[in-house]
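Here is the structure we will look at, set down as structure tokens.
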Amino acid sequence: MGPSGRGRSVVNRGVVIVCALSVLTVTGGLAATTAHAALPPPAVAHRPSPSPSPEPSPSRSEPAEGEGADGESAEAGGADGELEKVRTRIEELHGEAGSATDAYNAAVERAERQERELTAVNRRVKRNKSALKELRGRAGAMARAQYRSGGLPASTRLALAEDPEEFLRSLGLLRKGQRATSGVMTDLVRLGADLEDDREAAAERHAALEKTRKERGTAKREVEAKLEKARKLESSLAAEERARLKELEERTAQARQLRWLKTGVLEEIDGKAGKRGKKAIAFALAQIGKDYEWGAEGPETFDCSGLTLRAWEAAGVTVPRTSQEQWRQLTRVDITDMRPGDLIVYQEDASHVGLYLGDGEMVHAPRTGRQIRVEGAGALPILGVVRPDA
């Protein structure tokens with residue numbers, strides 16, 4: 001074929017391609033099939049069909065497919081990825097601060113108990129010292145009386161007495177006096193030993209108290225250090241980033257809650273609140289909006305276990321001060337047997353606690369910088385459930 005024939009062939013093919021594309025655009029599938037039969041298909045990218053909208057979740061929003069364990073995207077990158085790292089680190093710091101807060105609260109409670117014990121021992125020491133002084137006075141008086149009588153045996157004094165009959169009459173009183181002297185000396189020895197024991201006990205309790213005070217100070221400094229790191233990290237963000245951080249925290253909690261609900265556990269939980277449980281719930285709900293403050297037990301601010309402590313105290317039930325002791329000492333129940341008013345303990349080290357409300361929700365004091373609020377019961381990693389009024 002000559003140059004002119006090749007030119008016509010190129011032009012004709014171009015016309016066919018243009019026509020094929022026009023038909024493909026206008027008529028769709030059938031015309032496209034005709035065009036493809038006439039010549040090889042051009043490299044045209046196909047637009048994917050839109051994915052169906054996800055069904056609404058039973059609790060807030062459902063995380064997108066492919067999200068990580070905490071609801072963040074497994075493929076997150078760029079600014080969002082960096083913000084997720086910040087969120088994770090802040091959560092870690094507040095978790096560590098929560099553990100240190102439990103240690104601080106436990107030390108405070110222990111110090112208060114040791115102070116009461118030391119006060120009681122010191123009072124006993126003071127009382128025994130006074131009693132010992134009195135007994136020594138009585139023993140001294142008896143010894144002086146015996147010395148004035150010459151300290152002679154009764155038989156000798158009877159033989160030498162000018163009026164033996166009078167002496168015989170007073171012999172009974174003499175024997176009573178001897179028994180009294182013996183009793184005073186016995187009491188004196190016993191009281192002296194008790195006083196020595198109490199002094200040793202006081203010294204031991206004082207040493208234990210000083211140790212606890214040091215532990216309390218160490219825990220306090222650790223809490224403050226962790227919170228300061230978290231504060232600096234959060235304050236380094238721009239205002240817009242801080243707002244996004246809060247949204248990210250909420251999405252993470254929602255994603256955890258959704259995964260918990262998807263286990264079907266809520267379908268098995270049908271316990272009803274008891275009379276005391278209702279009172280505890282009423283107290284806790286009345287505190288919504290108040291600030292979290294580590295180490296606080298109310299009435300204006302609370303930490304997580306301070307809230308549960310006061311809530312159940314309002315219901316007439318005494319519970320331990322810290323979430324770790326609440327987990328250790330209170331009766332544990334299976335999560336499927338959970339009922340409103342029970343305490344849900346979170347994190348592997350039992351460093352957080354909330355009060356179950358029913359319908360998959362709980363109320364808690366989250367962390368520094370946040371307020372008491374209602375949240376999904378599965379918004380944090382659950383360790384287990386305890387019942388204060390079991």
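Here, each number is a calculation from the coordinates, and none is a lab measurement. Since this is a predicted model, take the numbers as computed values, not measurements. Reconstructed Cβ throughout: ideal geometry from the backbone, glycine too, with neighbour counts over all protein chains shown.
See the values below:
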quantity: Hits in segment 311-365 (condition: in a helix (DSSP H, G or I) and either crowded, with 24+ Cβ neighbours inside 10 Å or in contact (Cβ under 8 Å) with a residue 40 or more places away in the chain (or both)); calculated: Ala311, Trp312, Ser323, Gln324, Glu325, Gln326, Trp327, Ile335, Thr336, Asp337
quantity: Given (1) over 14 Å from the mean Cα position of the chain (by Cα); (2) over 23 Å from Gly369 (Cα atoms), index of the condition Glu300 fails; calculated: (2)
quantity: Complete set of residues in segment 357-390 that are among the small types (Gly, Ala, Ser) and more than 10 Å from Ile344 (Cα to Cα); calculated: Gly358, Gly360, Ala365, Gly369, Gly376, Ala379, Ala390
quantity: Every residue from segment 260-285 that is crowded, with 16+ Cβ neighbours inside 10 Å, assigned to a helix (DSSP H, G or I) and touching a residue at least 40 places away in the same chain (Cβ under 8 Å); calculated: Trp260, Leu261, Val265, Leu266, Arg276, Gly277, Ala280, Ile281, Ala284
quantity: Residue within segment 287-295 that is among the charged types (D, E, K, R), part of a loop (DSSP other than H, G, I, E, B) and under 21 Å from Gly360 (Cβ atoms) present; calculated: no
